[in-house]
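Each remark here refers to the structure printed beneath this line.
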Amino acid sequence: MHHSITRKRLLSFAAAGALALCAAFTTTTPSFAAGGQSGTITGAVADASGAPVAGADILLSAPTGRYHAHTDRRGKFTVIGVLAVTYTLSVQQNGIVKATQPGIAVDGDQTVDVGTISLPAS
């Protein structure tokens with residue numbers, strides 16, 4: 001009989017422990033907009049005539065951090081793994097800011113296409 005009581009207590013403690021562990025994981029796991037913590041930003045850069053701008057520097061800025069990229073020979077860029085927050089995008093050439101686009105909101109596991117950013121004529 002002593003064996004049976006000990007066994008019941010042990011199972012009771014194990015069940016309570018498992019329940020507490022599940023509750024801890026459930027309450028400490030953050031939830032994010034679309035299920036993920038990061039997303040992707042894509043776009044292109046063109047000059048005033050509409051021609052692609054290769055080698056432009058792309059800078060994404062937010063209070064949580066900064067990301068850099070460069071346009072390819074077709075003027076396109078992709079920044080993967082940016083945290084799900086709102087960014088300001090700047091396009092630079094030779095260290096000079098040529099265009100700025102604020103308010104780019106990234107949701108987790110989503111791709112935001114900013115379209116073509118046209119640089120002003122110099």
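The values are calculated or read from the model by the stated rules, or taken from the named source; none is laboratory data. Just so you know, these numbers come straight off a predicted model, no measurement behind them. Cβ atoms come from the backbone with ideal geometry, glycine included; neighbour counts cover every protein chain shown.
Looking across segment 78-106, the residues that are more than 14 Å from Leu119 (Cα to Cα) and surrounded by 15 or more Cβ atoms within 10 Å (Cβ to Cβ) come down to Val79, Val82, Leu83, Ala84, Val85, Tyr87, Ile104, Val106. The C-beta contact set for segment 52-63 (first residue on the phi < 0 side of the Ramachandran plot, second residue modelled with pLDDT under 95 and of a type in the set (Lys, Arg), distance under 9 angstrom, 6+ apart or interchain) comprises Val53/Lys98; Ala56/Lys98. Kindly check whether there is at least one residue in segment 15-26 that is loosely packed, with under 10 Cβ neighbours inside 10 Å and at pLDDT 50 or above. For segment 15-26, residues loosely packed, with under 10 Cβ neighbours inside 10 Å and at pLDDT 50 or above: absent.
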